[in-house]
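Quick note: the coordinates plus some simple rules give every number you see, no bench work behind them. Note that the structure is predicted; figures quoted are calculated from it, not measured. Using ideal geometry, Cβ is built from the backbone for each residue, glycine included, and neighbour counts are taken over all protein chains shown.
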Amino acid sequence: MKPFDIVIVGGGGAGLYAAMEAMKTNPALNIAVLSKVYPNRSHTSAAQGGANAALGNKAKDDTIEMHIFDTIKGSDYLADQDAVEVLCSEAPKIIRELENIGTPWSRLDDNTIAQRPFGGAGRPRCCYCADKTGHTILQTLYEQCLRKGVLFFNEYFALNLSVNGSRSRGLIAMNMKTGKVEAFPAKTVIFATGGYAKMYWNRSSNAAGNSGDGQAIAFRAGIPMKDMEFVQFHPTGLRKSGLLVTEGARGEGGYLINKDGERFMARYAKEKMELGPRDLVSRSIETEILEGRGFNSPAGKYIHLDLRHLGADLIKSRLPQIREMSLNFEGVDPIEEPIPVRPTAHYSMGGIDTDNFGRTVMDGVYAAGECACVSVHGANRLGGNSLLDILVFGRIVGHTAAEEAGKFSPATISEAELKESVDELRNRMQPSGHYERYGALREELGQTLALNVGIFRESSLLHKGIQDIAELKERFKKVRVFDSSDVFNTNLMQVLELQNMLELAETVAVGALAREESRGSHTRIDFPVRDDEKWHKHTLATLVDGKVLPGEKPVTMGRYELQERTY
Amino acid sequence: MTETIDQHQEGKRDVTFRVFRFNPQVDSKPYFDDYTISAERGITVLRSLNYIKEHVDATLSFRAFCQAGICGSCGMRVNGISKLACTSQVWEELDKCREPGIIKVEPLRSLPMIKDLIVDMDPLVDKMKHYSNWIDSTMPLAEMGKKEFLVSEEEFHRYDKATDCILCASCVSECSILRANKEYVSPAVLLKSYRMNVDSRDSIHDVRLAELVKDHGVWDCTHCYRCQESCVKSIPIMEAIHAIREDALECRGPKDTSGAKHAEAFMEDIEKKGKLVEATLPIRTNGMVWTLRNLLPMAVKMIVKRRTPPPPPLVKSAKGIKIFRVMFREMTEHVKQDHQKTHKK
Ligand SMILES: Cc1cc2nc3c(=O)[nH]c(=O)nc-3n(C[C@H](O)[C@H](O)[C@H](O)COP(=O)(O)OP(=O)(O)OC[C@H]3O[C@@H](n4cnc5c(N)ncnc54)[C@H](O)[C@@H]3O)c2cc1C
Ligand code: SF4
Ligand code: SF4
Ligand code: FES
């Protein structure tokens, strides 16, 4: 294959913005975007709420400064303040740019982009398009990439980086349609592969493919992961699938009820009740379940989200989507029965360690979007800041790689190296001695993570989690790929995703055990308070000789001093 | 052997999934495999397929990603109708089976087969490119990001529904013309083209339209409404198609296009003989009032290209055709007046 200047892995919001910007920066460059699903299927499409920017359309007195402060406070002071400044200062520009190229934002009466309030924000600054913001942003970017003739390799599954010392030579990927393993020699590689919260499997709101592939590939190549222990839980996921029941249900007045018929939020947030902040409600539900006041089912323990008192009319007019979800995925009509819910893993704050330009420690390797950790979200991401993150840093990384590609000599990937990857896959597909079912391993991984590395963490639980993951990794060596065909082998693809999830799961558990404090999404029962003296820092996890080597990195401070986070 | 998905809850039902299989590497032609599982209430077709893949036959191949009806990956035909597997309830499908207890699952039509339930989406992407399904902004590059276009709520509503499309290709699979002519533009692409054409921020309306009125374009549509009926997001695709036709006629003059000539003949038909497949279909789907209000004004402007399926017996009813004619004339008058008004402006 012809050597590339830039290979972008991932066709979500971050990857597509990077592609657009790189082409704009230097139209002469040879750029490719690889994606394991058609770009418009990427998980960015699932974001409903919106993207934050201090446009001041709705609240005239909103400022970038306020957005910066809200983000830093929301992060429990673990975000790097210079990075947050970039994020929030670029926000109005990037939202307008998206508007200029066709994103169908909802509108206010004065015909400007509509904005609404969102959790943790002092002003209504969340820009939205009805309840399909991520979907329309992704469509716009995909359309523009088609317009500009971006070269797409759709349904290509990235396998590994080709590394020479401290520099990458490009990427090795499998063409799903043919099963062929192909080399993508490239001066620069940008990872934009999205989050890893799907490792919690049925306890996650994420798409099936959010298995952290890019992170795992980078990790295997020796690039450090940052703050992996921070995983955000959303209070109301459906019991069976983990799919999200949005805040709207509680916003309209839904009750959370335990098996004794109690509105238990009275115990945890007397005033706000069901409308307390996400992490508090998640912890409350989890406590009810842990203390035996949840319902039991083979699909797991849960509590009830009861909407019945709102009446059929309101449910039909205001919450039609929640009703549809509940019917489609639980077979429950909320007009007649309560919805079975429990907290669900929703967003991964951690990821590939990058600087403010998306550079990693390895020459020629960059990352942006949910797969990267810059860090702008610190210990807790604010709603609406993630879409913003992928856009702003997607653009920055595209620009940076385009500028820097010239620094590197053209890369080649040898036949021998390619063959190594092919052999690795062949071995994996050998039937003899392989008998473990990937479905079972995946399920068990999700269970142990939810139980031991979930909302409440504690030393002995985490040790158990780490041990379970090690055992699962051992069993994975014997996993069976039943499908031996070359054409669209989804069985093989799922096995490879499982491998990536297993590798990253260890970093999540190890990071969680190391961090002996409670901050943002990370709650340690045995260390219930934030410990700035010891832990106001990022954790790193690097793979050295097959072992996770823990490390750390200081937090970049700025104008804002550490404060207690209260709302 | 019957496998069990989930033990709890009151009801469980045995279901056989009769799934289309084809692996081009080994099979000379497609065949069906039967998988019988026990499914509880609330289980979707996709969850059942996942279950079969994990526990019964890992070689069964299909696409799925979000599992929540958002990404458009899992379009397939369930009991003969193109839809999303992840939002289709097994118990509901059981009521629609041709053979009791057997749910048939097949790939989408009109797109090249790859393996089992997986079809090639590239032809659709190619068409999106061919018909410039993007905004070419009137904002100069140097000005990008500096200010917003002001867009009225009314304009937003013109394309709001159309932007719901998740490119699942269910409509593509159901389209009657596409099955005969793979080069036909496709309903989803018409919808997207419409969405771009009514956006005031766009600068290439004419380029797009010029392409849409060529062979395999908008005039080939038979007005069969199958796309709209099968749209998984309930998007009124036909409104988009009508709008493109109106737009084409207005821009190029009614006598100018071959499509318009057919439309003239078609109009005579409506009035004189009432032999009108394309008009009765929407009546059946949307009711008489809707049809008169929405379709006829457009037909009056000689938009609908005539196709030649035999006239349905329905319109032979003398009483029906009488009312039809009266209302039709009234509508014609209204539209003429409307037209004059708008053109004076
Ligand atoms: C239900 C839900 C609702 C949300 N709502 C909001 C919201 O309202 N506001 C907000 O700001 N954020 C929200 N988020 C978070 C936000 O949607 C995501 O963080 C963001 O979209 C991630 O974008 P991305 O571009 O980084 O990755 P993604 O959109 O996940 O894209 C990843 C891309 O990488 C590709 N890829 C992955 N692995 C490989 C591989 N091995 N080989 C090749 N390609 C690969 C995929 O094909 C895909 O194209 C929500 C998230 C969820 C789950
Ligand atoms: S109405 Fe037109 S586009 Fe829709 S299915 Fe029929 S022929 Fe196809
Ligand atoms: S128009 Fe409807 S059926 Fe057709 S691709 Fe879009 S969402 Fe799917
Ligand atoms: S899996 Fe995404 S729409 Fe069905």
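Some points to look at:
- Shape of region A:274-316, Cα gyration tensor, a/c cut at 1.5: oblate
- Globularity ratio of region B:122-255, using Cα Rg and 2.2 N^0.38 Å: 1.06
- Value of Rg/Rh across the protein assembly as shown [Cα atoms, Kirkwood radius]: 0.97
- Packing here is the average count of other Cβ atoms within 10 Å per residue, and on that basis the peptides A:359-365, B:183-189, highest first, run B:183-189, A:359-365.
- For region A:128-208, diffusion coefficient by Stokes-Einstein and Kirkwood Rh (Cα), 25 °C, 0.890 mPa s, µm²/s: 157
- Of the residues B:Gly145, A:Ile390, A:Ser521, the one whose Cα sits farthest towards the positive end of the charge dipole of the protein assembly as shown is B:Gly145 (charges of +1 on Lys and Arg Cβ, -1 on Asp and Glu Cβ, taken about the Cα centre).
- A simple spin-label model places pseudo-atoms 7 Å from Cα toward Cβ; at B:Phe32 and A:Glu291 they are separated by 5.5 nm.
- Equivalent-ellipsoid semi-axes of region A:188-256, from the Cα gyration tensor, Å, largest first: 31, 11, 10
- Taking label points 7 Å from Cα along the Cα-to-Cβ direction, B:Glu183 and B:Arg13 give a separation of 4.6 nm.
- Other protein chain C-beta atoms within 10 Å of residue C-beta, averaged over B:42-50: 3.
- Charge dipole (the protein assembly as shown, unit charges on Cβ, about Cα centre) - positive-most of A:Cys126, B:Ile114, A:Thr490: B:Ile114
- Per-q log10 I(q)/I(0), region B:12-118, q = 0.12, 0.13, 0.24 Å⁻¹ (Debye; single scatterer per alpha-carbon; no solvent): -0.36, -0.42, -1.51
- Proximal charge balance of B:Met76 [Cβ under 11 Å; K/R count +1, D/E count -1]: +3
- Ordering B:Ala58, B:Ala188, A:Leu472 by Cα displacement along the dipole of the protein assembly as shown toward the positive end leaves B:Ala188 in first place; charges were set at the Cβ atoms of Lys, Arg (+1) and Asp, Glu (-1).
- Cβ-derived FRET efficiency at R0 56 Å, A:Ala28 paired with A:Arg318, nearest 0.05: 0.60
- Alpha carbon centroid spacing (whole Å) that separates region A:485-547 from region B:42-82: 30
- What you get for the protein assembly as shown, charging only the Cβ of Lys and Arg (+1) and of Asp and Glu (-1), is a dipole of about 2660 debye around the Cα centre.
- Separation of alpha-carbon centers, region A:121-158 and region B:97-166, rounded to whole Å: 12
- Region B:32-133, relative contact order in percent, only Cα pairs under 8 angstrom and at least six apart counted: 24
- Take the Cβ atoms of A:Arg437 and A:Lys407, set R0 to 51 Å, and the FRET efficiency comes out at 0.60.
- Loop-located GluC sites (Glu not before Pro) in region A:237-334, at most 16 other Cβ atoms within 10 Å (DSSP): A:Glu252, A:Glu262, A:Glu271, A:Glu291
- A:Lys478 paired with A:Glu458, simple spin-label distance in nm, labels 7 Å along Cα-to-beta-carbon: 3.3
- Sequence-separation-based contact order of region A:429-534, relative, with Cα cut under 8 Å and 6+ spacing, percent: 34
- Chain A: relative contact order as a whole-number percent, Cα under 8 Å and 6+ apart: 21
- Taking the Cα centre of region B:12-118 as reference, the dipole from Cβ charges on Lys and Arg (+1) and Asp and Glu (-1) amounts to some 260 debye.
- Too-long pairs where the Cα-Cα distance tops 26 Å, listed order kept, from A:Lys478/A:Lys547; B:Lys12/B:Lys53; A:Lys240/A:Lys547; A:Lys187/A:Lys478; A:Lys477/A:Lys553: A:Lys240/A:Lys547; A:Lys187/A:Lys478; A:Lys477/A:Lys553
- Kyte-Doolittle at least 0.5, axis length at least 24 Å by Cα - qualifying DSSP helices, chain A: A:385-404, A:490-514
- Region A:212-334 - charge dipole about Cα centre, Lys and Arg +1 at Cβ, Asp and Glu -1, debye rounded to 20: 40
- Chymotrypsin sites (Phe, Trp or Tyr not before Pro) within region A:435-502: DSSP coil, no more than 10 neighbouring Cβ in 10 Å: A:Tyr435
- For region A:242-351: rounded, prolate or oblate by the Cα gyration tensor [a/c cutoff 1.5]: rounded
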